[in-house]
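J.: One structure follows; several queries about it will come next.
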Amino acid sequence: MSIYLNLISTLLELKSLIWLINLMNYLIIMLEKIKSYLSGHEKELLFGVLIFLLAFAIRAHLMIYDFMFGFDPYFHARLAQYVAETLTLPSVDPLAYFQIEEGAGLPASGAFFWFFTAIIFKIVTLGAAFSKDSWVVAVKVFPAIFGALISVAMYFLGKEMYSKKAGVTMALFAAVIPSFVYRTMAGFFEEDALGFLWMVLGLVFFVKAVKNAEFNSETIKNAVIAAGLFALMAWTWQMFLLVPIILVAWFPSTVILMWFRKENNEKIFNLTKTFAITFILFSVVASALVGTGWIDTTTGYVTSYLPVTENNIERINTPGGDGTSVYSISVGEEQQGFRFWGNKYNALIAFPFAAILLFIPYRLLRKKNDYVSFMIFYWVLVAMFMAFIRLKFTYVFGLPIAAAAGITLHELFSWVGNRASFEKKTIAFVLGFMFLVGIAAGSFFVAQNVPNIEQNNGWKESLLWINENTPEDATFFNWWDEGHWVTFIAERGVSADNRNYIFKSNSDVATFMLTDSKEEAIAIVNEYNPTYILLSEDLIGKMGSLGLYAYNLTDHTDPRVSKYFSVQMNCGRSGDSLSGNVSVQCGGNVLTEQDYLSLPFKRLEEPNQLLGDSQRVFIYRNEIGSKLFIMNKAANDSMIVKLFFNIDNEPEFDEIYSNKEVRIFKLV
């Protein structure tokens, strides 16, 4: 028996050696191909490096902060951390929604992003023992690298579609446009940052496959590669739904145009076969990776928004699409996006209108063998519509604007042709000016975005305190806003997080904070049996939103919600250099420092101020002197106000930690 075992072992070792030799040969061949390509492409390589450095430099500003931007990046960082530590994902979330006995499930999408980033991290750190500090640096820098790579990929798309000049234009504007910079700046560690890389590369190969309306082995290869990249986007990010919408719109439009031009049937048939290979292969692989639900979702979006009906118009104008859920009207990114176009796109918004109204139609009529421009046309049109109806989709419109800039430049220079150099210089000056506007806007935009956790509100210090001073199995009864922070930084369990996995978890916390009954508040907490209660002062000013969650309503005028009136204002101090007097400005109100400090920071039973002529209200300052609160009696009687302003009279709640806006209690 031992002889056979030794023989098997020898064969396995030999097989491993052969595999290693083959791998080395493959790498050598790839390096030779890269070397061969670079020879004679030095200028193109230089452009690529410069574009990458420009895009990365603009996005890297947030590296100056300790932690990441937003909230969701902390969830993705934690899941990818599990992979970086163990090369596996847990079957259920080990920290979020601790009250669920079977555990909270993980999202259906995102696994590729977590594994992809974790494996890169392992390679870069040479497989060293996991370090949380190194991981935080990595997850901050990854999005900026991905954004820079996507900008470079836009060069190859423009080059393949039109010319090198168009490619450089697309890449440069992708590098600087604020809306695209936003989700790819350092610290925005989400699948959003990576997903567009596969889409842009997929479009590069799809353009290669269809641009000559031929059908041969090279066409098939490019069509298959495009399908694989589109499927990879599906595995990475749900926004892959853009791909089937654009392709399905592009194909019949292009075929109809070819028929109108009286092109021969062979070319139409070639294009049809190429499209079929890419679309069918993409659909099959994407369905295998993420399920078939994307098909219904895609068709549902089209039927819900494309037909011009009264219901669809109402859906477009309603936050969240239908306004039937609390989330749809309470989450900021569900607002209409059009109001933010100036901030997100600035003067660059001129390019998509110029492209779809003038330059793409002009090119399609002028250029008899253009089979690709409808891709940009529909990419711009679909993304523009999405960015118009929702703030959360303004990011999606960034790259199409860059693509529109590319075709605009290409067509302008084609139109000028051999005319006077003055006209060429004028066009170059205008585009150069627009590019400088883009650089300035992108740089300014990033600098204005300070990570929420880095604001002077006590959260960062509090989370680090929790990590160092509470048991590892501690659990927190918390509002969902900070759930991802607690699980990643403090590494403790939470009753709710930003995924809003269970509505009841949010509703119970909201009810706990709003109730005027101490007994009801204690009963709610006991149902969860957490180790601690975690509250944030800013929630005092959000009672309207809390009411929607507490009663599962979407109507702010419902008496159960409207009975709460609470306003909070941030306060800042300024001194008069001549008199030496210090004034405190809270919102639009200016008080002397003496008047401000005379305001109570302990809860009162009776109102202490008149608002207007008749409404009696309670006005408080917080103990550290950074905020002003105005509220009516219903708000003053709420549990959260009692805990923040009346803790001495609430002995059942033991305050074990306080830092600026953060309080941690233990139920006695």
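The values are calculated or read from the model by the stated rules, or taken from the named source; none is laboratory data. Bear in mind the structure is a predicted one, so any value in this text is a computation, not a measurement. Here the Cβ positions follow ideal geometry from the backbone for every residue, glycine too, while neighbour counts run over all protein chains shown.
J.: Specify which of the listed residues (Asn581, Asn632) is polar (S, T, N, Q) and within 30 Å of Asn526 (Cβ to Cβ). Show your work before the answer.
T.: Working: Asn581 fails: within 30 Å of Asn526 (Cβ to Cβ).
It is Asn632.
J.: Tally time: how many residues in the range 576-589 are outside any strand (DSSP E or B) and either under 30 Å from Arg560 (Cβ atoms) or within 37 Å of the chain's Cα centre (by Cα) (or both)?
T.: Here the count works out to 2.
J.: Being closer than 24 Å to Lys140 by Cβ, modelled with pLDDT under 90 and small (Gly, Ala, Ser) is true for just one of Gly48, Gly40. Which residue is that?
T.: Every option except Gly48 fails the conditions.
J.: Within the range 512-528, does at least one residue satisfy the condition of being within 21 Å of Lys627 (Cβ to Cβ) and of a type in the set (Lys, Arg)?
T.: Within the range 512-528, the subset within 21 Å of Lys627 (Cβ to Cβ) is 513-514.
From what is left, the residues that are of a type in the set (Lys, Arg) are none.
No: the range 512-528 contains no residue that is within 21 Å of Lys627 (Cβ to Cβ) and of a type in the set (Lys, Arg).
J.: Right, next: Going residue by residue through the range 552-562, is there one that turns out to be surrounded by fewer than 18 Cβ atoms within 10 Å (Cβ to Cβ), in contact with a strand residue (DSSP E or B) (Cβ under 6 Å, 6 or more places away or on another chain) and of a type in the set (Lys, Arg)?
T.: no
J.: I would also like to ask the following. Name the single residue that is surrounded by the fewest Cβ atoms within 10 Å (Cβ to Cβ) among those in the range 196-229 being in a helix (DSSP H, G or I) and touching a residue at least 60 places away in the same chain (Cβ under 8 Å).
T.: Val207
J.: Is it the case that Gly158 is without any contact (Cβ under 8 Å) to a residue 40 or more places away in the chain and either surrounded by fewer than 24 Cβ atoms within 10 Å (Cβ to Cβ) or more than 19 Å from Ala186 (Cα to Cα) (or both)?
T.: Values: without any contact (Cβ under 8 Å) to a residue 40 or more places away in the chain: no; either surrounded by fewer than 24 Cβ atoms within 10 Å (Cβ to Cβ) or more than 19 Å from Ala186 (Cα to Cα) (or both): yes.
Against the criterion (without any contact (Cβ under 8 Å) to a residue 40 or more places away in the chain and either surrounded by fewer than 24 Cβ atoms within 10 Å (Cβ to Cβ) or more than 19 Å from Ala186 (Cα to Cα) (or both)), Gly158 does not qualify.
J.: So, one more: Among the helices (runs of 4 or more DSSP H) lying completely within the range 590-668, list those that include at least 3 residues that are over 21 Å from Gly458 (Cβ atoms) and not basic (Lys, Arg). Before you say what the answer is, go through the steps one by one.
T.: Details: elements: 593-598, 633-636, 639-645.
Correct list: 593-598, 633-636.
J.: Still on this structure, I have one more. Considering every residue within the range 69-91, establish whether at least one is in contact with a helix residue (DSSP H, G or I) (Cβ under 9 Å, 6 or more places away or on another chain), of a type in the set (Val, Ile, Thr) and at pLDDT 90 or above.
T.: Within the range 69-91, one or more residues are in contact with a helix residue (DSSP H, G or I) (Cβ under 9 Å, 6 or more places away or on another chain), of a type in the set (Val, Ile, Thr) and at pLDDT 90 or above.
J.: Turning to a different aspect of this structure: Could you grab me the full set of residues in the range 464-485 that are without any contact (Cβ under 8 Å) to a residue 60 or more places away in the chain, in a loop (DSSP other than H, G, I, E, B) and under 17 Å from Phe75 (Cβ atoms)?
T.: Correct list: empty.
J.: Between Met375, Met384, which is under 18 Å from the mean Cα position of the chain (by Cα) and modelled with pLDDT of 90 or more?
T.: Working: Met375 fails: under 18 Å from the mean Cα position of the chain (by Cα).
So the residue among Met375, Met384 that is under 18 Å from the mean Cα position of the chain (by Cα) and modelled with pLDDT of 90 or more is Met384.
J.: Follow-up question, since we're still on this one. Out of all the residues in the range 565-588, is one or more of a type in the set (D, E, K, R) and modelled with pLDDT of 90 or more?
T.: no
J.: Report, by residue number, each residue of the range 632-660 that is within 16 Å of Phe512 (Cβ to Cβ) and among the small types (Gly, Ala, Ser).
T.: Matches in the range 632-660: Ala634, Ala635, Ser638.
J.: In the range 589-627, what count of residues is obtained for those that are small (Gly, Ala, Ser) and either surrounded by 12 or more Cβ atoms within 10 Å (Cβ to Cβ) or modelled with pLDDT of 90 or more (or both)?
T.: Number of matching residues: 3.
J.: Then there is this: Conditions: (1) under 19 Å from Phe113 (Cβ atoms); (2) in contact with a Gly (Cβ under 8 Å, 6 or more places away or on another chain); (3) not charged (D, E, K, R). Ala231 meets all but one. Number of the miss?
T.: Unmet condition: (2).
J.: Still on this model: Do you know which residues across the range 486-506 are in contact with a helix residue (DSSP H, G or I) (Cβ under 9 Å, 6 or more places away or on another chain) and either of a type in the set (Lys, Arg) or not in a loop (DSSP other than H, G, I, E, B) (or both)?
T.: Val486, Thr487, Phe488, Ile489, Ala490, Arg492, Gly493, Val494, Arg499, Phe503, Ser505, Asn506
Residues checked against (1) in a loop (DSSP other than H, G, I, E, B); (2) without any contact (Cβ under 8 Å) to a residue 12 or more places away in the chain; (3) within 27 Å of Trp459 (Cα to Cα); (4) more than 21 Å from the chain's Cα centre (by Cα):
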residue: Leu53; (1), (2), (3), (4): no, no, no, yes
residue: Phe56; (1), (2), (3), (4): no, no, no, no
residue: Ala60; (1), (2), (3), (4): no, no, yes, no
residue: Glu85; (1), (2), (3), (4): no, no, yes, yes
residue: Pro107; (1), (2), (3), (4): yes, no, yes, no
residue: Phe112; (1), (2), (3), (4): no, no, no, no
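J.: May I pose another question? Mind checking whether some residue in the range 509-522 is touching a residue at least 24 places away in the same chain (Cβ under 8 Å), within 12 Å of Trp479 (Cα to Cα) and either out of contact with any helix residue (DSSP H, G or I) (no Cβ under 7 Å at 6 or more places or on another chain) or surrounded by fewer than 16 Cβ atoms within 10 Å (Cβ to Cβ) (or both)?
T.: yes
J.: Is there a residue in the range 167-174 that is crowded, with 24+ Cβ neighbours inside 10 Å and aromatic (Phe, Trp, Tyr)?
T.: Yes, the range 167-174 contains at least one residue that is crowded, with 24+ Cβ neighbours inside 10 Å and aromatic (Phe, Trp, Tyr).
J.: Looking only at the range 114-141, count every residue that is outside any loop (DSSP other than H, G, I, E, B) and among the hydroxyl-bearing types (Ser, Thr, Tyr) and tell me the total.
T.: Total satisfying the criteria: 2.
J.: Answer yes or no as to whether Asp481 is touching a strand residue (DSSP E or B) at 6+ places or on another chain (Cβ under 9 Å) and either of a type in the set (Val, Ile, Thr) or closer than 23 Å to Met543 by Cα (or both).
T.: Yes; evaluated as a whole, the condition is true for this residue.
J.: Out of the residues in the range 523-535 that are in contact with a strand residue (DSSP E or B) (Cβ under 6 Å, 6 or more places away or on another chain) and not in a helix (DSSP H, G or I), state the one that is surrounded by the fewest Cβ atoms within 10 Å (Cβ to Cβ).
T.: Thr531
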